Amino acid sequence: MRLEELQNTLAEASKVFVLTDENVAMFWLPELKHWLGCEQAVEIIVKAGEKYKSMATVQRVWRALLKNKADRHAVLVNLGGGMITDLGGFAASCYQRGIRFVNVPTTLLAMVDAAIGGKTGVDFCGCKNQIGVFAEPLEVMVSPIYLSTLPEREILSGLAEMIKYGFIADEDMLEVNDRNYEQYILRAGKIKREIVEEDFKEEDSRKVLNFGHTLGHAIESFSHTTECPLTHGEAVAFGMGCALWLSVNQCDLDEEVLVDYLPKMRMLLSEAEWCLTPADVDAIVAYLDHDKKNVCGEHGFVLLKDVEKPVCDQIVPGALVRQSLLELMRYMND
């Protein structure tokens, strides 16, 4: 959909709402409303941060929609990072059994991953994305201009998801770094769209997108109980290291793939305040019990036989999972 078409769609909506967080609102909210030609849109501004990706925040959005008489012909524009696009998409898809929504990602991670593919949801009881639905946005508007206000840590977080595409689908994506990433943004989004189109509800081939995420989500959830929480991308960066280690030991992946990745992992985590230790391993593994990909209590991993050759639903013994965490922690703590 071209910008003009989207402007026309919003002009024909019964009412337009823009959901964003306090940080993004300061930089981009007036500009977005001007670009979209919806200066009269109702603003819904929530607190920034993963801890606000909750049912309480969703209820706040619903109250704002209800108070301002949103009907089924309203449109919600989600302006922000993955927290906003996930939460806003979920709120829109449930309100009056579903209103249209548009994602305008403002972080690299959201541009190449979170805003694309129709996954929406919120965290619940300390567990990542436990409540949600599949719902496609009307449009995803990607513009690198939003990256100009991002701190380096957020850029690195997005790079982790881009490198993931290199392992599972396109080896050229492994060349992404903090200097050339803009030229790879559209390719990354195209890879995800192609995978999602084959398997929208993650019943089969879409599972490859979870490479690095099984332990990554557990690490991210645990880190948010500590004084040094990790971003989603940082947790995935470490989770990919563990997945590669497991792939070497369970799927005969060439160990050089892991060795080549380790300096990249350290780079991706260079802005993080790293404080995970071997004493945290059992607590991290406990979060795996809540992973949505579990089958009959077994933890299913996406591993690699080779670069661009992922294998899904790999059951890994708990002892091996713990060993992967210990080995990668040892590397990070050296």
Q.
If each residue of separation counts as 0.36 nm, what is the full-extension length gain between SER205 and ASP172 once their alpha-carbon separation is subtracted?
A. 9.8 nm
Q) Can you work out the FRET efficiency for the pair SER270 and MET26, with r the C-beta to C-beta distance and R0 = 22 Å, to the nearest 0.05? A) 0.25
**Q.** Mean Cα-pair separation over length for region 152-333, i.e. relative contact order, pairs under 8 Å, 6 or more apart, %
**A.** 26
Q: Would you list, by chain and number, the aspartates and glutamates whose Cα falls below 15 Å from the Cα of LYS15, excluding same-chain residues fewer than 8 positions away?
A: GLU39, GLU43, ASP71
Q. Counting other C-beta atoms within 10 Å, which of LYS264, LYS67 has the fewest, and how do the rest follow?
A. LYS67, LYS264
Q) Hey, what do the phi angles of region 207-219 turn into as Karplus ³J(HN,Hα) couplings, whole Hz, using 6.51/-1.76/1.60 and θ = phi - 60°, x for Gly and Pro? A) 4, 4, 5, 8, 4, x, 8, 4, 6, x, 5, 5, 5
Q: Taking amide H positions as placed in the peptide plane 1.01 Å from N, state which residues far from LYS119 in sequence (5 or more) or on other chains have amide H under 5 Å from it.
A: ALA135
Q) Of the residues ASP21, ASP252, ASP291, which exhibits the maximal mean-square fluctuation in a Gaussian network model of the chain defined by a 10 Å Cα contact cut-off? A) ASP252
Q | Förster-model FRET efficiency, 45 Å R0, LYS69 and LYS190, C-beta, rounded to 0.05 | A | 0.70
Q) Which order, highest average first, do 152-165, 1-14, 203-216 follow once you tally other Cβ atoms within 10 Å for each residue and take the mean per peptide? A) 152-165, 203-216, 1-14
Q) In region 3-148, what percentage of the DSSP-assigned beta bridges are antiparallel, given to the nearest 5? A) 15
Q. Using a simple charge model, +1 on the beta-carbon of Lys and Arg, -1 on the beta-carbon of Asp and Glu, nothing else, what dipole does region 152-333 show about its Cα centre, in debye to the nearest 20?
A. 180
Q) Given the Cα-Cα distance of SER148 and ILE131 and 0.36 nm per residue of separation, how much length would full extension add, in nm? A) 2.9 nm
**Q.** region 47-94-region 195-230 distance, computed between alpha-carbon centres (Å)
**A.** 22
Q: Give the percent of DSSP beta bridges with both residues in the chain that are antiparallel, rounded to the nearest 5.
A: 35
Q) Could you work out the helix-only [θ] at 222 nm for the chain, with each DSSP H run of four or more residues adding -39,500 (n - 2.57) and the total divided by the number of residues, to the nearest 500 deg cm²/dmol? A) -14500 deg cm²/dmol
Q | Rounded to the nearest 20 debye, dipole of region 58-200 from Cβ charges on Lys, Arg, Asp, Glu | A | 980
**Q.** Listed residue (LEU159, ALA188, THR226) projecting farthest to the positive dipole end of the chain, Cβ model
**A.** THR226
**Q.** Other-chain or far-sequence residues with amide H under 5 Å of LYS305's (modelled H)
**A.** VAL311
Q: Would you calculate the separation in nanometres between label points at ALA319 and GLU43, each defined as 7 Å from the Cα along the Cα-to-beta-carbon direction?
A: 5.9
**Q.** Among GLN96, CYS38, LEU138 the positive-end extreme of the charge dipole of region 3-148 (Cβ point charges)
**A.** GLN96
Q | Sorted peptide list for 80-86, 269-275, 90-96, 178-184, criterion being average Cβ within 10 angstrom, highest first | A | 80-86, 90-96, 269-275, 178-184
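Every number here is computed from the coordinates shown, using simple stated rules; none is lab data. As the structure is a computational prediction, the values presented were derived from the model and not from experiment. Neighbour counts are summed over all protein chains in view; Cβ atoms, including those assigned to glycine, are modelled from backbone coordinates with ideal geometry.
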